[in-house]
Amino acid sequence: MSADAFSLAIGFATPPVIEDTLRQAMNSYADTGRAEFLIWTALKADPECLGSYFSLYKFYFYKRMLKEAEEVALLALDAAAKQGGFTPDWTRLDANSADWRRVDAPQHFYLFTLKALAFMRLRLGRRAESHALLDKLAELDPHDSVGASVIRELAAHQPATA
């Protein structure tokens, strides 16, 4: 999914200059170094742009650079929490920490990134951490607006050694 498609999906606009840089990165995907440089350039140009975080952690994930993807997802959680006015520490969040039903707000991106982090940790073989994140998502997003049930289903059928 491109950054512009994601921005539309969560109701956030990506500034045109950032969108252009992310599009260049997407077109340079085969050249890992160039694409990575471009996404970081976009992120540094506008650290408030949540679409850049999304692009970077998805890029790393698809490149099978899971540790890097995880690090960027944690940065994304911090950025979304700052914008939403709640703690970035997911273990301290509850149903009253934010209006988690809003899909046009930073908290939705936060939930979406928690789901991504749960998937990353599952792929890294850190099942207990993945399950803890999925449990928190079930608490914060009982209507499954970010689709965490898909990851929960994968986690339920993954062998314990994976």
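Applying 1/(1 + (r/R0)^6) with R0 = 25 Å to the Cβ-Cβ distance of LYS67 and VAL150 gives a FRET efficiency near 0.65. Computed from Cα atoms, the angle from the helix 148-157 axis to the main principal axis of the chain rounds to 60 degrees. Across TYR53, TYR62, TYR110, mean-square fluctuation computed from a Gaussian network of the chain (C-alpha pairs under 10 Å connected) peaks at TYR62. Which residue, PHE119, PHE61, PHE37, has the most motion in a Gaussian network model of the chain that connects Cα atoms within less than 10 Å? Result: PHE37 has the largest fluctuation of those listed. Test of understanding: extend the Cα→C-beta vector of ASP46 to 7 Å, then name every residue of the stretch 67-93 with backbone N under 17 Å from that spot. Hits in the stretch 67-93 for ASP46 at 17 Å: 76, 79-80, 83-84. Once the Cα atoms are used to define both axes, helix 127-140 deviates from the longest principal axis of the chain by about 90 degrees. Between ASN96 and ARG34, the FRET efficiency estimated from the beta carbon spacing at R0 = 45 angstrom works out to 0.50. Using the Cβ-Cβ distance between ARG126 and LYS82 with R0 set to 30 Å, the FRET efficiency from 1/(1 + (r/R0)^6) comes to roughly 0.70. Helix 16-27 and the longest principal axis of the C-alpha atoms of the chain enclose an angle of approximately 80°.
None of the figures in this text is laboratory data; all of them are computed from the coordinates on show. This structure is a prediction, so every number in the text was calculated from the model and none was measured. Please note: Cβ atoms are built from the backbone with ideal geometry, for glycine as well, and neighbour counts cover all protein chains shown.
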